[in-house]
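This report concerns only the one structure given below.
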Amino acid sequence: MKKSLLQITMIIPLALLLCFAISCQQQVEEGITEEEAKALWESSLEIWNEGNLAVVDELYDPNIIRHDCGLPEDIVGLDAFKNYVTLLRVSYPDFNVTLDELIVKGDKIVIRWTLTGTNTGPLQTHMGELPPTDQKMRVSGVEIVRLVNGKKAEQWIFYNQLDGYLQLGFTLTPPQPPGTLSPVRAIGSIKPPKLIKEIKPVYPEKAKEAEVEGEVILEATTDIYGRVQNVKVLKSIPLLDQAAVDAVRKWVYEPMIIDGKPRGVIFTVTLTFHLK
């Protein structure tokens, strides 16, 4: 009997301790509810889709850290985060992000989203600031958010950068093999290469409004694969130059073979802009 009572007195504290531990674990795992997470997401849209920076302090921890696969360095702190949002919306004034899926796990939220935007402002890249491409982009990605006291304290952002750049008009070019010869000029017996892929230039709205027409003459340089690597304006019409350059950069030519070896070629291209 004494042994049974001793066992019972030992079991009860252990049971209470176990229940307490389980209760604490459940509280930690619960973290934020799905409804609260969705409400947090909806509030965040004021920042991304409307540019309302006043909401940042309400939703983000003062020491927010944003790990973005598209940026060379992490964004740390509210000021840096606000500056990033400002630059992003300058590049894409119609920037818009929508929710595809949301999952809550403890103090973390996993979000699958789709963003769209038209690059009509200066484009911030690893290569520095580039002129706008006037191209539309649609990219899907995943974001993991860690919460502290109900605020976003850390973010991990993943998406296909290459897909976005290709939509903006950039091209992916294989590296030139070792020993590649320098490009030759199309002159005399060397004729310009045959065009096999042509992208029509987009007539700029400002040029249409000003009723600007005419010819833009460019100097293009292809690599050994026939892809345009460099473009230089020889005859300029300021309102039409960028549209011409953007189009020719996407052109692909038949590779040039000279004396049995592949060569890049330098030649001129004339684009005519005419209002109908």
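Worth a mention:
- Kirkwood Rh in Å, taken over the chain so that all alpha-carbon pairs contribute: 23.4 Å
- Projecting label points 7 angstrom from Cα along Cα→Cβ for E129 and T33 puts them 4.7 nm apart.
- Spin-label model, T221/N63: points 7 Å from Cα along the beta carbon direction are separated by 5.0 nm.
- Multiplying the residue separation of K232 and E46 by 0.36 nm and subtracting their alpha-carbon distance yields 62.8 nm.
- Considering only the chain, percent of DSSP beta bridges that pair antiparallel, nearest 5: 90 percent
- Once the Cβ-Cβ distance of D100 and E254 is raised to the sixth power relative to R0 = 30 Å, the FRET efficiency obtained is 0.10.
- Trypsin sites (Lys or Arg not before Pro) restricted to the stretch 169-204 and DSSP loop, no more than 16 other C-beta within 10 Å: K194
- Helix 238-248 axis, angle to the chain major axis (alpha carbon atoms, nearest 10°): 80 degrees
- FRET efficiency for K276 and N160, using Cβ-Cβ distance with R0 set to 45 Å, rounded to 0.05: 0.75
- The stretch 217-225 - phi-based ³J(HN,Hα) in whole Hz, Karplus 6.51/-1.76/1.60, Gly and Pro as x: 9, 10, 10, 10, 10, 9, 8, 5, 8
- Summed over qualifying helices (DSSP H, 4 residues or more, each -39500 (n - 2.57)) and divided by its residue number, the chain shows a 222 nm mean residue ellipticity of -9500 deg cm²/dmol.
- Note, ³J(HN,Hα) from phi for the stretch 161-167, Karplus 6.51, -1.76, 1.60, rounded to Hz, x at Gly and Pro: 5, 4, 4, x, 5, 5, 5
- Restraint check, K200/K261; K197/K235; K191/K276; K82/K108; K194/K235, Cα-Cα greater than 26 Å: K200/K261; K191/K276
- Our coupling estimate for the stretch 55-65, obtained by passing each phi through the Karplus curve with A = 6.51, B = -1.76, C = 1.60 and θ = phi - 60°, is 7, 4, 4, 6, 9, 10, 5, x, 9, 3, 10 Hz, Gly and Pro reported as x.
Read the figures in this text as sums done on the coordinates, not as results from a lab. This is a predicted model, so every value here is computed, not measured. In this analysis, Cβ positions are derived from the backbone assuming ideal geometry, glycine residues included, and neighbour counts consider all displayed protein chains.
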